[in-house]
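Read through the structure below, which is laid out as structure tokens, and then see the notes.
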Amino acid sequence: MQPDPFTASVADRVTDLNERYLNHAAQAVLKRALTDDTVGRIAMVSSFGAESVVLLHMLSVINPATPILFIDTQMLFEETLTYQQEVAAHLGLTDVRTIRATREAVAAHDPDGLLHKSSTDACCDLRKTVPLENALSNFDAWITGRKRFQGKTRATLDFFENEGDTRIKINPLAHWTPDDVQDYIINNRLPRHPLVAKGYPSIGCAPCTSRVAPGEDPRSGRWRDQDKEECGIHFINGKVVRGPILKEEPMNIIVTDQGFGQDDWTLAYTTPDELADNSDAPALAIDLASDADPAVLAGKLDGIDMIRIDFPSFADGRGFTLARRLRLMGFNGRLRAKGHVIADQYAMARRSGFEEVEITPELAERQPWDQWKARATWQDHDYQNRLRGAV
Amino acid sequence: MYKYSDFDEKFVRERVAQFRGQVERRIDGSLTEDEFKPLRLMNGLYLQLHAYMLRVAVPYGTLSSRQMRQLAYIAQKWDKGYGHFTTRQNIQYNWPKLNDVPDMLSALADVEMHAIQTSGNTIRNVTSDQFAGAAEDEIEDPRPYAELIRQWSTDHPEFQFLPRKFKIAITGSPNDRAVVKAHDIGLRMARNDAGETGFEVIVGGGLGRTPMEGKVVREFLPKADLLPYLEAIVSVYNLLGRRDNKYKARIKITVHENGLETIRDLVEQEFTVRRAAFSGIDQEMLAEIKPAFPKPTYIQAPTDAFTTAYDADPVFRSWVDTNTVAHQNGDYAIATISLKKHGATPGDATDAQMREMADLAEAYSHDELRVSHEQNIVLPHVHKSHLPAIHARLVAADLATANVGLVSDIIACPGMDYCALATARSIPVAQEIATRFDELKLEHEIGALKIKISGCINACGHHHVGHIGILGLDRAGVENYQITLGGDGTETFAIGQRAGPGFSDTEIVPAIERLILAYLDLRENSDETFLSAYRRLGADPFKAALYPDAEKGRKHAA
């Protein structure tokens, strides 16, 4: 029996909803959230950021008159404000409500607009968390675009969450991967936030959002160089999370034919761009991105002792060709693959010219040495080497 | 037939063991689902609409009777008693269980077969002319080169995680039966001014949602340069191909966006480096492969029995006229067994039919069979005196449909009946068209006509190169079929042009009927094929037949 919407606790309703929608797709969850009596009065909260258009589009198909709360922190990029107007018009959304901090509150706490420099938490609180809390007080439930892949704090996200026993929070995209988001945007020909093409895969306020290099975590551009992952609107175990969450920086593991080992390379890495400036360094080590053109190192290879090629994803095979090309160009130094390389790729890495692979402790734990060892006999069964023969 | 070397044998066994381990590691959590997916794909295992699907390679389309019997055994033991032959010379099993797959791969290895690189973003099974080694027009048998490419591309360490899948086709004949211009790389054997044979190398062709005709990147490539040249192309693509959007990741888009000249410069530059890394051993290995594809030891026998039967039996005559073509040896014929019985699923064969075809090959075709990209089975070397016996046995096995190259010899993808990507059904449309023209008894009157049907924009049914192409789409939850006209997958390659608005599932078969009846009225004589008439007259009279109401409206307005 379903809980009575008027008498059952938020916790009971959330448990029931999660059970009922356990195996449903995002659209089904959203559709039922908008029509299910046990959910109650509902709004969507949207930043009109890099991926927001997905949920907004789903919502527009089901009911474009659903209230949408857009928080204007008055610190947003100009592009976000323009994009908000375009998307609302494109999708025919009829009830976008812009939420701002009161003029009095801003005057009292951040008169010159520099609070973010002294305390990002206080700034988020003033401009985002408090106005949203106020706006949500009229609703029984709200919809967010949060996804599990977005970080450790979101890794166990459910479709329905109990927020402080007062409201239900709905995350229809909880199980989506970055590819799902991109496929949806492409397939439905949705307008993209103009900053995405300029290197901002996750977009917040202008002072606290920076560009992200290819291969970096998409959210690493948010509050860069701070131990902050969430703005404070989001809760962990029902509580607002504030202040720094301590992050450990465990040592990576180096995989060679002999086994797992510690990293014995202690010198700093430079990028090809910085190479000219460091020509006097004792041992040159280069970090090469997966989208690098190996030709930039032509003529400079003799002075380089170590090249470390990034693998942002195990599915991105550019690093194998980069390694092979560097070897064919005559590079004889240490060649290391770093990042998401899985045990099943070890033989490919070695045959392409890598000597070693640098992996995270997490991956090393999930795929211990015996799984790499199974591919450490990489000289065997090698068609290509057989066809090329010794030159 | 090529026999596995010890090296091949050990490689395939090792690969089966690796996959067995990967399945176990997926179950124990060592591999995430994301990580397991490309590993199962590069071993031929897809997750389809209802279940897993295992796609098995038939390298360059050549099978022995022993291998065909093993395919039948696998269909019977681990599937529902049938298999589906595909447009890329593969066979697919639609109902395997994940835990059975390593045993199925092991059973394949027992007969020197595998499912390696039949899926995934890697170099796929190399396809070739189904008449290779038998065709009258052939410059040279392309299969030794295809085998060389198979070995080179297998487990190539650089190319297992490409931006997208990569398909190579090779033909040894000027008449292109391998659709080389619709492949990522197409190789067409050619002669240079000095009379030497080599390859014309075509790059960046493809069908799918953005159909493109391949472009010639090298007019004449000496045969000894084949592997380093291929390696240069794929390495350029691996670095340059787009990875941000899977719909723009194929090499056809890379060539389109960067321009053929830029790609050619990069490839030629890389080729110089790659060429130097080959010592020449590959050519010695090629020389060892070649004798594995000998000419058959031809039978010397009279063909009177054939002539007598041909003159006496109209059903046999019809089958011979439609389903056989000239062989290099005048006493021989190449016989195609149609897997397109009117009303059946194109490309499907039961285990009993596979066994019967294997027996026929053993008795009458020098133990060889071929799988064609048109989803039929070929007996490549048949002495004409055996044709009456073959035909009689095919009739008994329900395999004697005389429709090769005709209106009911339709290529169709699995469509919404099996495929998770499909947006419309394609098999039922193929079945209805075939049944309709069988009822009208017009099939032989219509003559050569290729209809190809895809159930979604990904174009697995090759509709872009059908003389008549049908593309099934989903328009607001309703199936809608668009028609393209004038496509051609041969040496006179053309991509079909869209005729106009689509048709519903109840309108599509009548529309095709109107179109073909119009052709019968329009043609100059019975020798002018649909495609020739279309090329002579242009699209307008055919569009008028498809959209009679629109035509009336126009006349009223005038």
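Within the stretch B:274-282, does at least one residue satisfy the condition of being away from chain A (no Cβ under 13 Å), over 20 Å from A:Arg318 (Cα atoms) and in contact (Cβ under 8 Å) with a residue 60 or more places away in the chain?
No, every residue in the stretch B:274-282 fails to be away from chain A (no Cβ under 13 Å), over 20 Å from A:Arg318 (Cα atoms) and in contact (Cβ under 8 Å) with a residue 60 or more places away in the chain.
Can you find even one residue in the stretch A:322-334 that is more than 8 Å from chain B (Cβ to nearest Cβ), in contact with an Asp or Glu (Cβ under 7 Å, 6 or more places away or on another chain) and surrounded by 21 or more Cβ atoms within 10 Å (Cβ to Cβ)?
No, because not a single residue in the stretch A:322-334 is more than 8 Å from chain B (Cβ to nearest Cβ), in contact with an Asp or Glu (Cβ under 7 Å, 6 or more places away or on another chain) and surrounded by 21 or more Cβ atoms within 10 Å (Cβ to Cβ).
Here is a list: A:Val45, A:Val39. Which entry is closer than 18 Å to A:Asn138 by Cβ and buried (at least 22 other Cβ atoms within 10 Å of the Cβ)? Before the answer, list the steps.
Details: A:Val39 fails: buried (at least 22 other Cβ atoms within 10 Å of the Cβ).
Every option except A:Val45 fails the conditions.
Among the candidates B:Gly204, B:Gly186, single out the residue that is assigned by TED's automatic domain parsing to the domain that holds B:Val267 and over 28 Å from B:Ala326 (Cα atoms).
B:Gly204
Select from the stretch B:120-144 the residues that are within 14 Å of chain A (Cβ to nearest Cβ) and outside any loop (DSSP other than H, G, I, E, B) and write down the one among them that is nearest to the chain's Cα centre (by Cα).
Top of the filtered list is B:Ile123.
Rundown of residues vs (1) hydrophobic (A, V, I, L, M, F, W, C); (2) more than 9 Å from every other protein chain (Cβ to nearest Cβ), yes/no style:
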position: A:Asp305; (1), (2): no, yes
position: A:Arg308; (1), (2): no, yes
position: A:Ala315; (1), (2): yes, no
position: A:Lys338; (1), (2): no, yes
position: A:Trp369; (1), (2): yes, yes
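B:Gly83 versus (1) small (Gly, Ala, Ser); (2) assigned to a loop (DSSP other than H, G, I, E, B); (3) within 25 Å of the chain's Cα centre (by Cα): which is the lone unmet condition?
That leaves (2) as the condition not met.
When the stretch A:290-330 is examined, which residues are found to be over 20 Å from A:Arg351 (Cα atoms) and assigned to a strand (DSSP E or B)?
A:Ile304
Return the total of residues in the stretch B:228-253 being within 13 Å of chain A (Cβ to nearest Cβ) and either assigned to a helix (DSSP H, G or I) or within 20 Å of B:Arg218 (Cβ to Cβ) (or both). First the steps, then the outcome.
Initially, the stretch B:228-253 is screened for residues within 13 Å of chain A (Cβ to nearest Cβ), giving B:228, B:230-249.
This time we only want the ones that are either assigned to a helix (DSSP H, G or I) or within 20 Å of B:Arg218 (Cβ to Cβ) (or both), so: B:228, B:230-241, B:246-248.
Final tally of qualifying residues: 16.
Basic (Lys, Arg) and either more than 14 Å from chain A (Cβ to nearest Cβ) or in contact with a Gly (Cβ under 7 Å, 6 or more places away or on another chain) (or both), is that true of B:Arg66?
When the stated conditions are applied, B:Arg66 passes them.
Determine if the stretch B:252-259 includes at least one residue that is out of contact with any helix residue (DSSP H, G or I) (no Cβ under 9 Å at 6 or more places or on another chain) and crowded, with 20+ Cβ neighbours inside 10 Å.
Checked the stretch B:252-259: at least one residue is out of contact with any helix residue (DSSP H, G or I) (no Cβ under 9 Å at 6 or more places or on another chain) and crowded, with 20+ Cβ neighbours inside 10 Å.
Can you say whether A:Thr73 is closer than 30 Å to A:Pro111 by Cα and either buried (at least 18 other Cβ atoms within 10 Å of the Cβ) or over 25 Å from the mean Cα position of the chain (by Cα) (or both), as far as the supplied structure shows?
yes
Would you mind telling me which numbered condition in (1) in a helix (DSSP H, G or I); (2) within 10 Å of chain A (Cβ to nearest Cβ); (3) acidic (Asp, Glu) B:Glu147 fails?
Checking B:Glu147 against (1) in a helix (DSSP H, G or I); (2) within 10 Å of chain A (Cβ to nearest Cβ); (3) acidic (Asp, Glu), the one that fails is (2).
Of the residues B:Ala430, B:Ala448, B:Ala389, B:Ala397, which is under 23 Å from the mean Cα position of the chain (by Cα) and surrounded by fewer than 20 Cβ atoms within 10 Å (Cβ to Cβ)?
Values: B:Ala430 fails: surrounded by fewer than 20 Cβ atoms within 10 Å (Cβ to Cβ); B:Ala389 fails: under 23 Å from the mean Cα position of the chain (by Cα); B:Ala397 fails: under 23 Å from the mean Cα position of the chain (by Cα).
Exactly one residue qualifies, and that residue is B:Ala448.
Please go through the stretch A:371-391 and pick out each residue that is at the interface with chain B (Cβ under 9 Å from one of its Cβ atoms), surrounded by 14 or more Cβ atoms within 10 Å (Cβ to Cβ) and among the small types (Gly, Ala, Ser).
Kept after step one, since they are at the interface with chain B (Cβ under 9 Å from one of its Cβ atoms), are these residues of the stretch A:371-391: A:371, A:374-375, A:378, A:380-384, A:386-391.
From what is left, the residues that are surrounded by 14 or more Cβ atoms within 10 Å (Cβ to Cβ) are A:371, A:374-375, A:378, A:381-384, A:386-389.
Scanning the stretch A:371-391 gives A:Ala374, A:Gly389.
Quick one: B:Phe11 ticks every box in (1) within 9 Å of chain A (Cβ to nearest Cβ); (2) touching a helix residue (DSSP H, G or I) at 6+ places or on another chain (Cβ under 6 Å); (3) touching a residue at least 40 places away in the same chain (Cβ under 8 Å) except a single one, so which number is it?
So B:Phe11 meets the others, but not (2).
What about B:Asp265, is it within 13 Å of chain A (Cβ to nearest Cβ), at pLDDT below 95 and over 23 Å from B:Arg150 (Cα atoms)?
Against the criterion (within 13 Å of chain A (Cβ to nearest Cβ), at pLDDT below 95 and over 23 Å from B:Arg150 (Cα atoms)), B:Asp265 does not qualify.
In this structure, does A:Asp125 turn out to be modelled with pLDDT of 85 or more, more than 30 Å from A:Tyr21 (Cβ to Cβ), among the charged types (D, E, K, R) and part of a helix (DSSP H, G or I)?
yes
The values are calculated or read from the model by the stated rules, or taken from the named source; none is laboratory data. The structure presented is a predicted model; accordingly, all values stated were derived computationally and were not measured. Backbone-built Cβ (ideal geometry, glycine too); neighbour counts: all protein chains shown.
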